[in-house]
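So the structure is just underneath, and the comments pick up after that.
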2 protein chains.
Amino acid sequence: MKKKLINKPENVVSEMIEGIYLANQDRLRKIDNFNIVVRKELSAGKVALISGGGSGHEPAHAGYVGRGMLDAAVSGAVFTSPTPDAIYEAIKEVDSGSGVLMVVKNYTGDVMNFEMAAEMAAMDDIEVEQVIVNDDIAVEDSLYTTGRRGVAGTVFVHKIAGAEAEKGSDLKKVVSTAEKVIKNVKTKGVAINPCRVPGAEKSTFSLSEKEIEMGIGIHGEPGTERQEIREVDQIVEAIISELLSELDLREESEVALMINGMGGTPLMELYIANRKAHQLLEEQGIAVYKTYVGEYMTSLEMAGLSVTLLKLDPELKELLDAETEINL
Amino acid sequence: MKKKLINKPENVVSEMIEGIYLANQDRLRKIDNFNIVVRKELSAGKVALISGGGSGHEPAHAGYVGRGMLDAAVSGAVFTSPTPDAIYEAIKEVDSGSGVLMVVKNYTGDVMNFEMAAEMAAMDDIEVEQVIVNDDIAVEDSLYTTGRRGVAGTVFVHKIAGAEAEKGSDLKKVVSTAEKVIKNVKTKGVAINPCRVPGAEKSTFSLSEKEIEMGIGIHGEPGTERQEIREVDQIVEAIISELLSELDLREESEVALMINGMGGTPLMELYIANRKAHQLLEEQGIAVYKTYVGEYMTSLEMAGLSVTLLKLDPELKELLDAETEINL
């Protein structure tokens, strides 16, 4: 599909950021000349959290800026890392002297640009740490990554590290909590239709009417295996089985489960997938402590979903439950 | 597109309802043998609110069952009215002696079946009232309706009448508040791609790569006018202009604005449309009191959006702001 409800392709990001700001003026402000949204009222003395990346993953990351989650989000062009100077700008905006944690999805461009921004901030004596989210179990290396990619599990890092910072913990503790989430969160995705970048002539890959793409990422890159379409229960079963083999879960373990739509998937399909995921986990004696069904980390209008499991412990449960301004 | 992430088409609704229940066990319970979800803890003495309709509009209506909004939602087959006996079952579940308000979207089948259920409940001496939402300004009559259709504006009726009931108001007052919302809410939609009902061979209509359909409903029915695709700013301008001519707004009037995705539209596009809607309203001196951008009343995987304006007064603002369990 070539049609989009946009104006000029080159303006999609700045117009979208303006639209996000206008819808959330009680909560957000916008930095002039940058595609950055910042919490309107920053908490003095709190460790600040920033995240960002290419656009096209909405609500990530601007949708997670608010009390108890992120302090700022930096948006690059569609599927393109934000520049170091924009990230540096965000760091300066949110630092209140207690340091800044950058939550970075593992893509080569993002990692490089966030690191450069941290170096720029270091010259201003701002303490900056970064954590690299790599929850996607589909690929080891990819066109865009050394090591595993960061996908929907990133939202759990925002929530839990955000709650840790909100408690008044210091930067070292916020980093270690974020690392704990990263260690315990795994994701895998599937698509039945690809997406098209605004202004591009073609979709990022193509599938016949009978094919699905397993192991997709969130930048429209093709997945790891093309398979014939089958019942979603079987697809969910394959994904859950792979996720379980990656996490050290036993009977009575508790998890948070996320069924994430990729942008073009109706909620009906996500709920049907959720039903099967719950059944499979129950069969294994694993308790689902909290379930998230909706769009959290998308890939434009891609039709598909990803399943994320986060292994919980009492500390992570408390932080996951902590109050936040964001509808999650 | 024919592919869907489902199992057997005949099971989509029951499997979806099971998935909704499993994701929200803290808030919901499910009625055996019916596709009905009910609030887990009903408030004794409160006027109860129920809604429902065909499936395929998720999160409507099950997603709005919770403290401060609905007490139960009844789901029919895809794009098909729920049966009178199912609606009657929901009425009996939620009535606590103070009466029940049914919020019904104006479709012939829905109106008829909800009315029959109310008659069945009357024989049990349950007091039942209904309001008919008809916010869609696109058509006067349609294939499915006498009079205007009920679409995304219904969510404002759930929210505001729900808050009125939560305050402890009696059935008469809850009805009159719901009627006040209905009188002041108007919607119009556009699609760039249709949807396909599970199990159907074809999409509900078809569009070329250059066409859009103005005035669409939420059951995949074609709209009122086929136009050439143009910049979304122009599309939003046409819609807002029509909505304004329907509402008695003047300078300093306040409105709630909803940019509703139809199921397959990326959030990026909805935010770009929101930017233009805000600009146009500001030019008219109309203040946007609250903005809703996201998926509220969908049509499976249809790509498109609708714009809703609700004219506010101090009473409606207070009810719109009232606390609710639902993320809205």
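The values are calculated or read from the model by the stated rules, or taken from the named source; none is laboratory data. Treat the numbers as computed from the prediction; the structure is a model and nothing was measured. Note that each Cβ is placed from the backbone with ideal geometry, even for glycine, and that neighbours are counted across all protein chains shown.
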*asked:* Return the residues of region B:1-19 that are in contact (Cβ under 8 Å) with a residue 60 or more places away in the chain and hydrophobic (A, V, I, L, M, F, W, C); say none if nothing qualifies.
replied: B:Met1, B:Ile6, B:Val12, B:Val13
*Unique match (being assigned by TED's automatic domain parsing to the domain that holds B:Leu300 and either at pLDDT 95 or above or under 21 Å from the mean Cα position of the chain (by Cα) (or both)) among B:Glu221, B:Glu179, B:Glu164*: B:Glu221
_Looking at region B:43-66 only, could you name the residues that are among the hydroxyl-bearing types (Ser, Thr, Tyr) and either out of contact with any His (no Cβ under 6 Å at 6 or more places or on another chain) or without any contact (Cβ under 8 Å) to a residue 24 or more places away in the chain (or both)?_
B:Ser43, B:Ser55
*Output the qualifying pairs, or none if there are none: Cβ atoms under 6 angstrom, residues six or more apart or on different chains, first residue in region B:223-247 and in contact (Cβ under 8 Å) with a residue 40 or more places away in the chain and over 17 Å from B:Ala191 (Cβ atoms), second residue part of a loop (DSSP other than H, G, I, E, B) and among the hydrophobic types (A, V, I, L, M, F, W, C).*
B:Glu246/B:Ile137
*Of the conditions (1) closer than 19 Å to B:Pro266 by Cα; (2) assigned to a loop (DSSP other than H, G, I, E, B); (3) not small (Gly, Ala, Ser), A:Val190 clears all except one; give me its number.*
(2)
*asked:* Looking at region B:288-301 only, could you name the residues that are of a type in the set (Ser, Thr, Tyr) and surrounded by fewer than 24 Cβ atoms within 10 Å (Cβ to Cβ)?
replied: B:Tyr289, B:Thr291, B:Tyr292
_Matching residues, region A:211-226, being facing chain B (nearest Cβ under 10 Å) and either among the charged types (D, E, K, R) or at positive phi (or both)_ = A:Glu211
*asked:* Quick check on B:Ser203: is it at pLDDT 95 or above, crowded, with 17+ Cβ neighbours inside 10 Å and part of a loop (DSSP other than H, G, I, E, B)?
replied: no
*asked:* Just checking, does region A:136-154 include any residue being at pLDDT 95 or above, buried (at least 23 other Cβ atoms within 10 Å of the Cβ) and part of a helix (DSSP H, G or I)?
replied: yes
*asked:* Tally up the residues in region A:279-328 that are of a type in the set (Lys, Arg) and more than 18 Å from the chain's Cα centre (by Cα), please.
replied: 1
*asked:* Tell me which strands (runs of 3 or more DSSP E) are completely within region B:1-102 and hold 1 or more residues being away from chain A (no Cβ under 14 Å), among the hydrophobic types (A, V, I, L, M, F, W, C) and surrounded by fewer than 21 Cβ atoms within 10 Å (Cβ to Cβ), or say none if there are none.
replied: none
_Leading residue by the ranking (farthest from the other protein chains (Cβ to nearest Cβ)) among those in region B:170-195 that are surrounded by fewer than 19 Cβ atoms within 10 Å (Cβ to Cβ) and under 16 Å from B:Ala48 (Cβ atoms)_ = B:Lys172
*Answer from B:Gly285, B:Gly304 - the residue that is modelled with pLDDT of 95 or more and either touching an Asp or Glu at 6+ places or on another chain (Cβ under 6 Å) or surrounded by fewer than 24 Cβ atoms within 10 Å (Cβ to Cβ) (or both)*: B:Gly285
*Does A:Ser169 satisfy the criteria of being modelled with pLDDT of 95 or more, outside any loop (DSSP other than H, G, I, E, B), of a type in the set (S, T, N, Q) and at negative phi?*
no
_Of all residues in region A:248-270 being more than 21 Å from B:Ala191 (Cβ to Cβ) and touching a Phe, Trp or Tyr at 6+ places or on another chain (Cβ under 9 Å), the one that is surrounded by the fewest Cβ atoms within 10 Å (Cβ to Cβ)_ = A:Glu254
*Listed residues A:Asp136, A:Asp125; which is over 18 Å from the mean Cα position of the chain (by Cα) and not assigned by TED's automatic domain parsing to the domain that holds A:Ile218?*
A:Asp125
*Here is a list of conditions, (1) in a loop (DSSP other than H, G, I, E, B); (2) in contact (Cβ under 8 Å) with a residue 12 or more places away in the chain; (3) surrounded by fewer than 19 Cβ atoms within 10 Å (Cβ to Cβ), and A:Pro198 meets all of them except one; can you say which number that is?*
(3)
